[in-house]
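Working notes, structure below.
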Amino acid sequence: MNLPHLGEIAALGTASCWTLTAIAFESAGRRIGSLVVNFVRLLIAAVFLSAFNGLTRGHVFPDDASSHAWLWLALSGFAGFNFGDLCLFRAFVVLGSRLSVLVMSLVPPITATIGFLFLGERLRPLDLGGMALTVMGIAWVVRNRRASPEEKKHHHVKGVFLALGGALGQAVGLVLSKHGMGDYAPFAAVQIRVYAGIVGFALIFSASGWWPRFWKGLGDARALAWTTMGAFFGPFLGVSLSLVAVQRTEAGVAATLMALTPVFILVPSRVLQGDRVTWASVAGAALAVAGSALLFF
């Protein structure tokens, strides 16, 4: 498909999907815990991906992928789903979600740097300007979000390093995905990443003795419903769109547009949770949107 700006459009679609995913996983995580949700979402996503790829490609299993794709996409899955997500969700506990998301706004420049060093991607001055405006806008939105009493207590150096680990895992995962995927089908590439993530979480649960929590979580029907919704818009659709994005545009540009989730979530959080939206947040959102518009030129 040669649709103009397909990569950028897919990246915006990713941010939209991750907005819905954040709401779903927050609801599920409150009931059965974030680690169990992370594991279960990948298992459910694997079913979605197998069915989709079987219907559209005739391959329920990605057996047509090269050894190069399997190696790099599996490493990408470990980096993003296991290392990155474990660091990020632990940072939510130690540092608080607001400051953790603020640190995660560093994903675009980290991705652009790794993309330059590993893939030789070069960004134009207009791209760099758009990235800078977007990241500043996202940071401004997150900074001006009202913090909960619990979050105000969390200002640990350990939490900052954990959030940086989350940002690094996501950035490395994106770049490795682009390197391993090449022209391979994005939904099949995500399937390989998800398989790697499942293996990683199975090892983590075995080493930590968390299997009883996993089985108990499966018995919570409401949490499973939220997790299923999150799996559809997260590892299935959202992550697949993210690979379309990095396949069709520079990794740094794609990462910048994907990072708009804190901006997109302003309205749902106001409507669903009654969060107060300040004029500063609106100004930050406008700045982020202006920066994103530059990335389309």
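The values are calculated or read from the model by the stated rules, or taken from the named source; none is laboratory data. Since the model is a prediction, treat every value here as computed from it, not as a measurement. Positions of Cβ are backbone-derived with ideal geometry, glycine not excepted, and every protein chain shown enters the neighbour counts.
Points worth noting:
- Selection status of Ala69, under 30 Å from Leu224 (Cβ atoms), surrounded by fewer than 24 Cβ atoms within 10 Å (Cβ to Cβ) and among the aliphatic types (A, V, I, L, M): no
- Long-range neighbours under 6 Å by Cβ, at least six apart or interchain, first residue of a type outside the set (A, V, I, L, M) and crowded, with 24+ Cβ neighbours inside 10 Å within segment 174-202, second modelled with pLDDT of 95 or more and not in a helix (DSSP H, G or I): Gln191/Pro62
- If you go through segment 72-93 and pick out every residue that is basic (Lys, Arg) and either crowded, with 23+ Cβ neighbours inside 10 Å or not in a helix (DSSP H, G or I) (or both), you end up with 0.
- For the criterion of being over 27 Å from Glu26 (Cα atoms) and either touching a residue at least 40 places away in the same chain (Cβ under 8 Å) or not in a loop (DSSP other than H, G, I, E, B) (or both), Thr56 passes.
- Residue count, segment 90-136 (criterion: closer than 19 Å to Thr261 by Cα and modelled with pLDDT under 75): 8
- Assessment of segment 54-66 against the conditions (of a type in the set (A, V, I, L, M) and under 17 Å from the mean Cα position of the chain (by Cα)) yields no matching residue.
- Cβ-Cβ under 8 Å pairs, at least 6 apart or on other chains, segment 10-21 side farther than 12 Å from Phe232 by Cα, far side among the polar types (S, T, N, Q) and modelled with pLDDT under 90: Ala11/Thr249; Ala11/Thr256; Leu12/Ser292; Ala15/Thr261; Thr19/Thr261
- Leading residue by the ranking (modelled with the lowest pLDDT) among those in segment 243-274 that are surrounded by 16 or more Cβ atoms within 10 Å (Cβ to Cβ) and not in a helix (DSSP H, G or I): Ile265
- Residue that is at negative phi, in contact (Cβ under 8 Å) with a residue 12 or more places away in the chain and outside any helix (DSSP H, G or I), where the choices are Ala69, Ala65, Ala45: Ala65
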